[in-house]
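Step one of this worksheet: look at the structure below.
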Amino acid sequence: MVKKRIILMGPPGTGKGTQAKLLSDQYRIPHISTGDMFREAIAKKTELGMKAKKLMDAGEYVPDEIVMGMVKGRLQQKDCKDGFLLDGVPRTTVQVEALKDITPIDAVIELETREDVIVKRLSSRRQCKDCNAIYGMDLQPKKKGKCDKCSGALFQREDDKEETIRKRLTVYQEKTKPILNHYQKQKKLVKVDGEQPIPEILQNITFILEQKGLA
Ligand code: AMP
């Protein structure tokens, strides 16, 4: 089986999580979201969660060593042997370097979305507290405040408030945007229009992976 070790990149709110979940079902490889891992740690009130919470609520990044320690442990698990979808990591040049020591990468997909579209999307985003399903302008739940899949309660992330969204976008431009060059040089980066409807984005990504001989 061809390995699919894929990174989904792009600013917060560009639809990485949504696409990663769809691709994860399609290819039966795990979706690894560092943001979701931190939110789980916060819900369980672990030491890691408590450290991450303050930074996350302020729209700041969690320190690289903490993130990459967690990612390394996750990628060593058995279910990652045929590949994985990284969502939200790497986010800094230090994380790119650390990832190199953990695993090769086969493709990097960048979802491009304009800033004003992101602010609108994120401020209407709701997430299921039980299964992490995401709802928003494109996908409304059938019953207000309840997850279609598992009936879990939907909540608004603290960091999806407008002021924090703007801060997160600034941090993305400063710290994460520069790392795209690294993958561009390696000819691993492919850009996809993140403003299309969800099924079309999925189709584009699937096509790209097929062309790269990964699917
Ligand atoms: P996300 O759900 O990917 O938008 O992540 C939510 C928040 O978790 C981010 O704004 C950061 O505070 C933190 N976080 C998630 N992944 C990383 C990472 N790779 N590096 C640093 N902080 C992260």
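The values are calculated or read from the model by the stated rules, or taken from the named source; none is laboratory data. What you see is a predicted model; the values in this text were computed from it and never measured. Don't worry about glycine lacking a Cβ; one is built from the backbone with ideal geometry, like all the others, and counts go over all protein chains shown. Keep in mind that these areas ignore ligands, DNA and RNA; they rest on the heavy atoms of the full protein, side chains included. Shrake-Rupley method; radii C 1.70, N 1.55, O 1.52, S 1.80 Å.
General remarks:
- Sparsely packed chymotrypsin sites (Phe, Trp or Tyr not before Pro) within the range 111-180, loop by DSSP, other Cβ within 10 Å at most 12: none
- Whole-number percent relative contact order across the chain, with pairs defined as alpha carbons under 8 Å at least 6 apart: 30 percent
- Phe38 - accessible surface, heavy atoms, 1.4 Å probe, Å² rounded to 10: 10 Å²
- Binned Cα-Cα distance frequencies in the chain - 5 Å width, integer %: 1, 7, 15, 20, 22, 19, 12, 4, 1, 0
- C-alpha center-to-center spacing [the range 2-32, the range 39-56] in angstrom: 23 Å
- The range 141-215-the range 61-92 distance, computed between alpha-carbon centres (Å): 17 Å
- Portion, in percent, of the accessible area of the range 68-215 that falls on carbon or sulfur, probe 1.4 Å: 49 percent
- Normalised per residue, the accessible area of the range 40-130 is 52 Å², obtained with a 1.4 Å probe and no contribution from ligands, DNA or RNA.
- The convex hull around the C-alpha trace of the range 88-205, projected and averaged over every direction, spans 8.5 square nanometres.
- Residue separation of Asp82 and Lys167 scaled by 0.36 nm, minus their Cα-Cα distance, works out to 27.0 nm of gained length.
- Taking 0.890 mPa s as the viscosity and 25 °C as the temperature, the Stokes-Einstein diffusion coefficient of the range 98-137 based on its alpha-carbon Kirkwood radius rounds to 186 µm²/s.
- Report summary: the helix-based calculation at 222 nm, which adds -39500 (n - 2.57) for every DSSP H run with n ≥ 4 and divides by the residues of the chain, gives -13000 deg cm²/dmol.
- Ordering Thr170, Thr164 by accessible surface, largest first, gives Thr170, Thr164; the 1.4 Å probe counts only protein heavy atoms, with every chain in place.
- Charging the Cβ of each Asp and Glu at -1 and of each Lys and Arg at +1, and nothing else, the dipole of the chain about its Cα centre rounds to 420 debye.
- Accessible area expressed per residue, the range 135-178, with surrounding protein chains retained (probe 1.4 Å, Å²): 67 Å²
- Size of charge dipole - the range 99-203 - debye, nearest 20, with Cβ of Lys, Arg +1 and Asp, Glu -1, no other charges: 260 debye
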